[in-house]
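K.L.:
Before I ask anything, here is the structure I am working with.
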Amino acid sequence: MIAELAIANAAFAVIKETINNGGDILAAGQHIFGYFNSKAKIQKELNKKGSGNELEEFFALEALKQEEEELKEMMIYSGRAGMWDEWLQFQVEARRSRERDAAQERAKKLKFKRKIQDVVNIVMAVLLVSTGLFAVVGLAWAIYTKGQF
């Protein structure tokens, strides 16, 4: 959480400096993305139950909200018309993409786990069948060589 907060604060500082130096807000695009990505990670930590740092995370999130409001004003007044709305739409699409990637990763891990379970089940079945066959063959051999059991 501390790392994400540091990344967000550093990104915000670069964005603010870019704007104050007369630069276009688009020049700070990567830093804007880093800022919101860090904010999303902090929100995710805050939503976890029992993380232990709820108060610290809450205040960090509040500080980020204030910075976001300032960033919104910068985008509205220093950017082109509709830039903030487009940025919000981009955030929604980026979140969906991250969620889709996470779902694919979970599905991949589940598929791998099932594959391992299948291999273990096959090995156990082979061992069980071979043990049974060995017992039957041993019993048949004992009966044949001794004449009785």
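Only the coordinates and a few stated rules stand behind these numbers; no lab work does. Everything numeric here is computed off the predicted structure, so don't read it as measured data. We place every Cβ from the backbone using ideal geometry, glycine too, and count neighbours over all the protein chains shown.
K.L.:
If you check GLU99, GLU67, GLU105, which single one turns out to be surrounded by 10 or more Cβ atoms within 10 Å (Cβ to Cβ), more than 22 Å from the chain's Cα centre (by Cα) and not aromatic (Phe, Trp, Tyr)?
P.N.:
GLU67
K.L.:
Which is assigned to a helix (DSSP H, G or I) and in contact with a helix residue (DSSP H, G or I) (Cβ under 8 Å, 6 or more places away or on another chain), of LEU55, LEU46, LEU110?
P.N.:
After applying the criteria, what remains is LEU46.
K.L.:
Does the stretch 71-87 hold any residues that are surrounded by 13 or more Cβ atoms within 10 Å (Cβ to Cβ) and either over 22 Å from ASN21 (Cα atoms) or not basic (Lys, Arg) (or both), and which are they?
P.N.:
LEU71, MET74, MET75, ILE76, SER78, GLY79, MET83, TRP84, GLU86, TRP87
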